[in-house]
Amino acid sequence: MKSLQGKKGLVVGIANKESIAWGCAKAFHEAGAELAITYLNEKAEPYVRPLAEEIGAAIIMPLDVQNEDQMIALFEAINQKWGKLDFLLHSIAFAPKEDLQGRVTDCSRQGFLMAMDISCYSFIRLARLAEPLMKEGGALLTMTYLGSEKVVEHYGVMGPVKAALEGAVKYLAADLGGKKIRVNAISPGPISTRAARAIPNFDSLLQLTRKKSPEHEALTIQSVGAYAKFLASNEATLITGNTVYVDAGFNIMSL
Ligand code: NAP
């Protein structure tokens, strides 16, 4: 039997074929899960809908995580269709360009709050909406990056935001553990995606990671998907509250 056979999952964060969330959605689908897939807005829909249809998604809906009505509508649709949810992947991040590309010291209040709201608080909000649907337990997954714990040049305000996200993972895991809901963050090494290319000098970060990591390999969305599939499955029982690396070992190296 496939590891996610019979399971229902929500995937938030597919922009296109390069997205980490797409690598995960494919892995979930291949492992037998039925999926709900969201797209940010009308502009994103023509890129996301064909991918969602390719893997037979049961629910395809818009979700801007700052839009509470869309959040509610999405979970109502999930409840109506399945009456339950087994796992959820949150794979989104955003910061206004001027705040992302400047010094953290100069970050605007508005930019900081927006980055925190979209990239961190939204995970907490999704967890709260998922909780009543995870009657038999479940798995909540999010994506973080090493810039949360080490200062990575040009990662800017996303560093503190990812640190908050990793903190939220621990507190959510403690809150929800009694209901057998596991909460984990995956920390991939750099992968060339639309969000990643917004980081100045991203190509040098890619090259540095490949050169310095023990495995000297370029990361792929497939390798992240394989780990996400494991964490979403019952095989990962008792694994919760962690940030796990899929980075060819880069995080252990001193530069
Ligand atoms: P991506 O393909 O650009 O995905 C980012 C997604 O976030 C896009 O689908 C984007 O929608 C969505 N998004 C932005 N604002 C949103 C909002 N208000 N509501 C709903 N969705 C919103 O980039 P990615 O690299 O796969 O990023 C996924 C996650 O992995 C992020 O958390 C990122 O920080 C993390 N991560 C990435 C890397 C890397 O090197 N790529 C490494 C470590 C961690 P649109 O594109 O349609 O605007």
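The values are calculated or read from the model by the stated rules, or taken from the named source; none is laboratory data. It should be emphasised that the depicted structure is a prediction, and the values quoted were computed from it without experimental measurement. Cβ atoms come from the backbone with ideal geometry, glycine included; neighbour counts cover every protein chain shown. To get the accessible areas, we keep the full protein, side chains included, count just its heavy atoms, and leave off ligands, DNA and RNA. Shrake-Rupley method; radii C 1.70, N 1.55, O 1.52, S 1.80 Å.
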### Task
Under a 10 Å cutoff between Cα atoms, tell me which one of ILE14, ILE239, ILE37 has the largest fluctuation in the Gaussian network model of the chain.
ILE239
### Summary
Note to self, the chain gives a 222 nm [θ] from helices alone (DSSP H runs n ≥ 4, -39500 (n - 2.57) apiece, / all residues, nearest 500) of -12000 deg cm²/dmol
### Message
Leaving out ligands and nucleic acids, and using a 1.4 Å probe, what accessible area per residue does the chain come to in Å²?
### Response
48 Å²
## Note on the structure
With x for Gly and Pro, the residue-by-residue ³J(HN,Hα) of the stretch 143-148, computed from phi through the Karplus equation 6.51 cos²θ - 1.76 cosθ + 1.60 at θ = phi - 60° and given in whole Hz, is 10, 10, 8, 3, x, 6
### Query
Which ³J(HN,Hα) values, rounded to whole Hz and listed in residue order, are derived for the stretch 57-70 from phi using the Karplus coefficients 6.51, -1.76 and 1.60 in 6.51 cos²θ - 1.76 cosθ + 1.60 with θ = phi - 60°, glycine and proline given as x?
4, 7, 9, 10, 9, x, 8, 9, 5, 8, 9, 4, 4, 5
## Note on the structure
Ordered by number, the GluC sites (Glu not before Pro) in the stretch 199-250 that occupy a DSSP loop and have at most 13 other Cβ atoms within 10 Å are GLU215
### Message
Please give me, ordered by residue number, the trypsin sites (Lys or Arg not before Pro) of the stretch 1-81 that lie in loop per DSSP and have at most 10 other Cβ atoms within 10 Å.
### Response
LYS43
### Task
Using the Cα centre as the reference, give the magnitude of the dipole from point charges on the C-beta atoms of the stretch 8-248 (Lys, Arg: +1; Asp, Glu: -1; all else neutral), rounded to the nearest 20 debye.
320 debye
### Task
Starting at the first residue of the stretch 17-32, write each ³J(HN,Hα) from the Karplus equation 6.51 cos²θ - 1.76 cosθ + 1.60 with θ = phi - 60°, in whole Hz, x for Gly and Pro.
5, 7, 4, 4, 4, 6, x, 6, 4, 5, 5, 4, 5, 5, 8, x
### Where GluC sites (Glu not before Pro) fall in DSSP loop in the stretch 39-145, at most 13 other Cβ within 10 Å
GLU42, GLU136
### Task
Over the chain, with every protein chain in place, what whole percent of the accessible area is carbon and sulfur at 1.4 Å, could you tell me?
52 percent
